[in-house]
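S.K.: Pasting a structure here, questions to come.
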Amino acid sequence: MTAKTPPGPRGLPVLGNTHQWARDPCSFRERCAERFGRVVNYEIIGWDAYMLTDPADVKRVLEDRETFPKHRESDDQLREVVGDGLITSEGDLWERQREAIQPAFYLDRIRRYADVMVSRAEALTDGWRDGGTVDLQSEMMRTTLEILVEAMFGSDIDLEARGIYDAVEAMQEPLKPRNQPVTFLAPDWAPVPFLRRADAALDHLETQIYDILDDRRGADADREECREADRDDLLAMLIDADAEMDDEQIRDEMLTFLFAGHETTALSLTYVWDLLSRNPAVEARLHEELDAKIDGRPTVEDAFAFEYVEAVVKEAMRLYPPAHEIRREPAEDVTIGEYEIPEGSLLVLPTWVLHRDERFWDDPEAFRPERWLDSEADDRPEYAYFPFGGGPRRCVGQSFAMVEAQLVLATIAREWTVDRNYDDLEISASVTLRPKGDVTVTTRRR
Ligand code: HEM
């Protein structure tokens with residue numbers, strides 16, 4: 001039997017399916033999956049794309065990084081910012097870096113980061129008042145950035161004084177939904193103010209990173225004897241002579257973690273708050289668990305003992321996976337089912353689609369954390385749910401993010417609830433799945 005080209009939606013000359021996809025990538029992919037099945041072929045922005053909707057195919061792709069490396073052209077855009085950090089590197093470099101960095105995420109380290117997570121969440125709500133108004137998205141972004149920097153790079157870094165908040169924010173401007181079309185179409189040199197601000201912010205961040213690196217080396221040289229005990233964060237691992245990283249590589253990794261390590265968790269938390277405010281029965285059950293299990297401040301042991309809190313976080317990531325699709329590029333022609341997929345094409349593993357697929361989820365649109373607690377969870381194929389990817393390139397920060405999301409949620413939800421000041425949460429699927437506008441809420445003391 002000769003392999004066939006997979007079916008797909010009819011497109012326009014030159015544009016292909018770009019116009020349908022750009023209008024709403026999530027519902028475009030859902031419609032395609034429903035209509036065409038296991039493998040769907042479409043064309044976006046000149047790329048010949050193949051979307052896989054069978055969890056077994058997703059597993060095969062994610063677990064074989066030799067045949068299915070990352071999609072080069074997609075990563076090129078990211079590479080302009082984070083260079084060859086863990087998320088964009090391939091081959092031997094990636095293998096070495098993953099091995100050097102992985103220990104920063106062992107469970108004993110995460111235990112130590114837990115206190116930072118709780119303290120930063122407490123510091124956030126110190127600024128809240130009963131009946132006050134906040135933009136939850138920026139509150140969560142700021143808190144997760146603080147946690148990331150303190151846990152990974154040290155507590156002695158003053159984000160405000162170093163202008164790191166503002167720089168990270170300026171760098172995210174081009175990715176905001178309203179700016180995406182310009183970002184995508186404008187040539188590199190175009191005098192678009194937010195693009196030029198993002199360039200300046202990247203320069204500023206690089207200077208700060210080298211400065212932090214110098215400070216750390218200087219401080220460690222001053223007290224060599226207590227170095228082991230004091231410093232075992234990510235930065236210490238990057239600097240460690242055994243890791244043999246030059247300063248440029250260290251900079252790339254620090255930038256990678258600044259970007260990969262806070263926005264996705266902040267988005268997950270934002271969606272949790274939105275969903276809780278729409279589902280009072282879920283919120284009541286969450287409060288019940290918090291009141292029963294926490295004695296004093298939440299701890300990492302609490303995070304490991306939570307059942308419902310964890311289910312709430314997982315369920316929010318099912319409905320709104322921040323990484324709404326994962327991309328790969330076959331290194332050779334491959335056959336999937338009866339279909340041929342050419343070398344160099346774009347393989348799309350659509351988290352969003354599989355997370356809402358009726359074959360695996362009862363009433364898929366409903367926010368029902370209970371589904372993670374009952375036996376329904378046992379019958380699902382492995383890759384019906386993969387918010388953190390899978391295989392060798394699975395998110396290195398997965399446990400960090402899960403503990404962080406639960407501890408931040410627990411710390412805040414023990415004392416606060418929020419009322420939405422908007423009706424629908426409009427979302428946009430760009431690099432990550434982001435709310436389109438501000439997520440403004442009124443904060444209420446419980
Ligand atoms: C809810 C939060 C998070 C989500 C949904 C998420 C999602 C993901 C996904 C889907 C991937 C795999 C991408 C691919 O295979 O192409 C990934 C990789 C990665 N993530 Fe996360 N992530 C989260 C939090 C974090 C945190 C907290 C950190 C660091 C502290 C982090 C650092 C990274 C890095 C460095 C990679 C690249 C790993 C490699 O290629 O070896 N992530 N993440």
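S.K.: Principal axis lengths of the stretch 164-209 from Cα atoms, whole Å, largest first?
M.R.: 30, 21, 13
S.K.: Output the antiparallel fraction of DSSP beta bridges having both residues in the chain, as a percent to the nearest 5.
M.R.: 85 percent
S.K.: Where does each of SER375, SER277 land when they are ordered by accessible area, with a 1.4 Å probe and the largest first?
M.R.: The residues order as SER375, SER277, largest area first.
S.K.: So, one more: Straight distance only, please: which aspartates and glutamates reach the Cα of LYS59 with their own Cα at less than 16 Å, same-chain residues fewer than 8 apart left out?
M.R.: The qualifying aspartates and glutamates are GLU325, GLU329, GLU382.
S.K.: Another one. So, in nm, how far is label GLU160 from label GLN398 when the simple model puts each one 7 Å beyond its Cα toward the Cβ?
M.R.: Spacing of the two 7 Å Cα→Cβ label points: 3.8 nm.
S.K.: Fully extended, how many nm does the chain gain between ASP240 and ASP438 (0.36 nm per residue separation, minus their Cα-Cα distance)?
M.R.: Separation in residues times 0.36 nm, less the Cα-Cα distance, equals 67.2 nm.
S.K.: Quote the relative contact order of the chain in percent (integer), defining contacts as alpha-carbon pairs under 8 Å separated by 6+ residues.
M.R.: On the way: 612 pairs, mean separation 121.3, N = 446.
Relative contact order for the chain comes out at 27 percent.
S.K.: Please compute the contact order of the stretch 278-342 in relative form: average sequence separation of alpha-carbon pairs under 8 Å and at least six residues apart, divided by the residue count, as a percent.
M.R.: Once divided by the residue count of the stretch 278-342, the mean separation gives 19 percent.
S.K.: If you roll a 1.4 Å probe over the chain with all protein chains in place, what percent of the accessible area is carbon or sulfur?
M.R.: Carbon-and-sulfur percentage of accessible area, whole number: 46.
S.K.: Oh, and also: Along Cα→Cβ, 7 Å out, is where each label goes; now give me the distance between the ones at LYS4 and GLN77 in nm to one decimal.
M.R.: Between LYS4 and GLN77, the simple spin-label model gives 3.3 nm.
S.K.: So, one more: Let me have the 222 nm mean residue ellipticity of the chain computed from DSSP H runs of 4+ only, each contributing -39500 (n - 2.57), with the sum over all residues rounded to the nearest 500.
M.R.: Rounded to the nearest 500, the figure is -15500 deg cm²/dmol.
S.K.: While we're on this one: Figure the gain on full extension for ASP423 and GLU90 (residue separation times 0.36 nm, minus the Cα-Cα span) and round it to one decimal in nm.
M.R.: Extra length available between ASP423 and GLU90 comes to 115.6 nm.
S.K.: Tell me, what is the per residue accessible area of the chain in Å², probe radius 1.4 Å?
M.R.: So the chain comes to 45 Å² accessible per residue, rounded to a whole number.
S.K.: Follow-up question, since we're still on this one. Can you give the charge dipole size of the chain about its Cα centre, rounded to the nearest 20 debye, using +1 on the beta carbon of Lys and Arg and -1 on the beta carbon of Asp and Glu?
M.R.: 1660 debye
S.K.: Let me ask something else about it. Considering the Cα trace of the chain, what is its radius of gyration and what is Dmax, both in angstroms?
M.R.: 22.1, 70
S.K.: Run the quick spin-label model on ASP214 and ASP130: label points 7 Å from Cα toward the beta carbon, then report their separation in nm to one decimal.
M.R.: My value for the distance between the label points is 5.1 nm.
S.K.: Aspartates and glutamates near LYS436 by alpha-carbon distance under 14 Å, same-chain residues fewer than 8 away left out - which ones?
M.R.: Correct list for LYS436: ASP24, ASP135, GLU173, ASP274, ASP423, ASP424, GLU426.
The values are calculated or read from the model by the stated rules, or taken from the named source; none is laboratory data. No experiment lies behind these values; they were computed from the predicted model shown. FYI the Cβ positions are ideal-geometry reconstructions off the backbone, even for glycines, and counts take in every protein chain you see. All accessible areas refer to the heavy atoms of the entire protein, side chains included, with ligands and DNA or RNA removed. Shrake-Rupley method; radii C 1.70, N 1.55, O 1.52, S 1.80 Å.
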